[in-house]
Each structure stands twice: as structure tokens, then as C-alpha cells.
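Read the structure below first, then the notes.
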Amino acid sequence: MSTTDGLSSTTIAVHAGDGIAERMVTRAKTMPIFESSVFVYDDLDSVDDFLSGNPDNYMYTRLGNPNQRALEELAVGLEGGSDAFCATSGMAALHAAITSLCSSGDRIVASRDLYGGSVSLLKKELERFGLVVVFCDMTDPENASRHIVPGTKLVLAEITSNPLLRVCPVDLIAEAAHKAGALFLLDNTFMSPMLFKGLEWGADAVLHSTTKYINGHSDAMAGILTASKEWVASARRVIANAGGSLSPFDAWLTLRGAKTLGLRMKAHSENGLRVASFLEAHPQVTRVYYPGLESHDQHALAKRLFTKGFGGMLSFDIRGGLEGAKKFVKALRNIAFAPSLAGVSTTISHPAKTSHRGHSPSELAELGIGQETIRLSVGIEEVSDIESDLDQALRAI
Ligand SMILES: *Cc1c(COP(=O)(O)O)cnc(C)c1O
């Protein structure tokens, strides 16, 4: 037990408080923040215990930390997987997941409307190291299976695409992947494990940018991947060697945010459906993209996959092209133009100017994204307040 009795002020300043955690009789009810880069060992045998893999033994926060572990237990519990690892962002988790599995020459088949950061990771970074990346339309399983040929190592898709909410037929893509001997990684960020559990539908790994719904408060970044013990162990090795381990504070904030995930996803889904229906009936709106609407061309598939609600993400096309979009964005009062998503407050984004800015006009046309396309992340406010702000801004066009 540490004590500062009889020490000089200089030494006391260094050691004051060190013994509190050791002396405590009671334990904290909720997870404290373990802002410690290193942990103390009582003896040399404890080091052997750490190296033999005791998950309750910690050494150095890049290699593991109680706050990271708590978040990993949350992911395993919600997704029903074997193990999980967290990382400093969704992109860091995806990077570790791919580089732990694939080597130079391996073939990856990815959805053509993957999150922009994921496309950049594959094209700008990983292709340089010899990974062969093929993009295809994953909403059509027959088309996808023509690309997912034997020898494919990894198939990568998102549960619903950004911004047009095209739904991935997860079980059919999993079947195609497994037939070819590939593993299937599903990015489930847009639905959260409250509305969809990818492993139950055949995915081998599920990724979340917890920056979005799982944290839900737009105040921390993190990523998490749930997969087999072997895959997670290799990815941990990548994180240990390359860096990218999550800060204890961001892990703590994320775990705290996640406590209300069930309530939030109910509210996001209820408000999402209400706002989608409201927009569909609005004279200034020409089209709404929301899997919960009957007009969505994959509504039947969405109903099959999403039995607890369709989430809070939607997009819509407005009248007046880019000029109309500019007037609309400017006229909003409470809804912020903020190019992220899935927080408690409603935000909008303009994909052609933000997330898909790097796309050429023909690529945008191929994806179906126009200058008049607005993406809405429907929050948990009172739905009538969201509708009236949208309504007054649409009237300003
Ligand atoms: C935001 C996002 C990511 C990247 O996550 P970060 O936490 O920003 O690194 C990956 N996939 C999807 C679908 C996302 O929305």
C-alpha cells in the first residue's frame, strides 16, 4: 500500500492519491474512468499472468484498458459475438479488421456505395499494399455473387447505404461470401444493434462507428468490431503494433451514451417514420428515401430485416436544385447543417457538397445523388418541432 508519510513535498506531489484505489472497501457502482497509461504489478509473476492472456490483468493502455474492455463487453453482449475490439475511430477499427485478415494479393469485394472514408481507405491506402479491391452493387445478390468469386478473402457491405438508404440483403450476401470461401464484414453503424444484429443474419464480423448511434451524443469518437476470437486477436495485434487504441475517456463516454441506446433507437425510429411520411406528403419534396416507407423500392426486404423499426436516417430530394438546397439549409432554425449523423439532435447534410464531394457528376448520377438531395439524421426531439422547422424552411425555397 502506498503512503506519502515523511516524504518531501516534491515527492508527495508525485504520489498523492496513489493508494486510494488499493485502500477502498467499497467498489464503484458504475464504471470509473481509468485514465492511466500504465498499471502497477505486485510481483513478477503478475507479468506472466498478463502475458498468458488474463483479460482482467492490464499493463499498458495501448494493449488494453478497463474502459476499452467495458465497451468491448457491451458490443459482445449486444451483437451476440465471441469477442470484440475497440479502436480510436470507426476507420481505425475497419483498418485493423482488414489488415489483420488480408495480405498483399488478396481480393476484397466491397459495396460501391460504401461510406466515403471506407472507400478512401481501400483505394488510397490498402490498394498501394497490393490488395485487390472490386466494387459492386450489393443490393442485388445475383450481381454481387458474380464478383464474389472463389479466392475472395473478404466481402464488405453496409446495412443501409449513405445517403440513399439502399438496404443490403445481408443473409443472401453472407451466403454468397461463404460459398466463395470469403468472410463477410457488415458495417451496421446506421441501424445499431438495437434494430439489427448482423451476426444472427450470417455476417462474420460487425463494425460500428460508435461515434454515431452507439454513443449518440456527438461528443466522442470510437469504433468497434465484433467477430470470432481469432479475428479479434489478430486485430488487437495490429492495434498494439500500429497504434489506434481507444482513449479511456472516449471509451467511458461511449459506454455512458450507450446506456440509453434502446430508448433512443425507439425514438429515432418513431420520429424517422413520422418525418419521412410528412416529407413524402410535402409539395416541395419530390422523393423520400426511407426503408420504412412503402414507396422505398426495397421496403419488403427492409420489413424482413428490420422488425423493430427502421432507424432515424433518411434522405429526400427537394424542388429547385442546388439553389433550392442552399435556401433550405439557410432557412432552418433548429436543425443544424452538420455533416455527421446519429446524434440525439436532428441534423442535415448535403451529400453532393460534403460526404460525396470527391465524386464526379457522372459518379454522383450513377449513385443517384443529386444537388437537390438532402440527408436528414432524425433526432429524438418532439416530432412536431422537427416537422415545423422542416416545413418553414421548405416554404422558403
Ligand atoms: C462514420 C462512419 C464510419 C467511420 O467512422 P468514424 O468513427 O468516423 O471513423 C464508417 N462507416 C459508417 C457507415 C459511418 O457512418
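Structure summary
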read-out: Condition met for A92 (in contact with a Ser or Thr (Cβ under 9 Å, 6 or more places away or on another chain), more than 19 Å from K212 (Cβ to Cβ) and within 15 Å of the ligand (Cβ to nearest atom)); value: no
read-out: Candidate set from region 130-158 (those that are within 16 Å of the ligand (Cβ to nearest atom) and in contact (Cβ under 8 Å) with a residue 40 or more places away in the chain); member that is nearest to the chain's Cα centre (by Cα); value: E158
read-out: Matching residues, region 96-129, being among the charged types (D, E, K, R), within 15 Å of the ligand (Cβ to nearest atom) and buried (at least 20 other Cβ atoms within 10 Å of the Cβ); value: D113
read-out: Residue under evaluation G81, criteria (1) away from the ligand (no atom under 16 Å from the Cβ); (2) modelled with pLDDT of 95 or more; (3) buried (at least 20 other Cβ atoms within 10 Å of the Cβ), criterion not met; value: (2)
read-out: Tally of residues being crowded, with 24+ Cβ neighbours inside 10 Å and in contact (Cβ under 8 Å) with a residue 40 or more places away in the chain across region 197-206; value: 3
read-out: Test: residue in region 265-280 that is outside any helix (DSSP H, G or I), out of contact with any Pro (no Cβ under 6 Å at 6 or more places or on another chain) and at pLDDT 95 or above; value: no
read-out: Some residue of region 44-52 being among the β-branched types (V, I, T), touching a residue at least 24 places away in the same chain (Cβ under 8 Å) and away from the ligand (no atom under 16 Å from the Cβ); value: no
read-out: Selected residue (only one of S46, S36, S104 is out of contact with any strand residue (DSSP E or B) (no Cβ under 7 Å at 6 or more places or on another chain), part of a helix (DSSP H, G or I), of a type in the set (S, T, N, Q) and over 30 Å from M194 (Cα atoms)); value: S46
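The values are calculated or read from the model by the stated rules, or taken from the named source; none is laboratory data. The model shown is predicted, which means the values in this text are computed figures rather than measured ones. In this analysis, Cβ positions are derived from the backbone assuming ideal geometry, glycine residues included, and neighbour counts consider all displayed protein chains.
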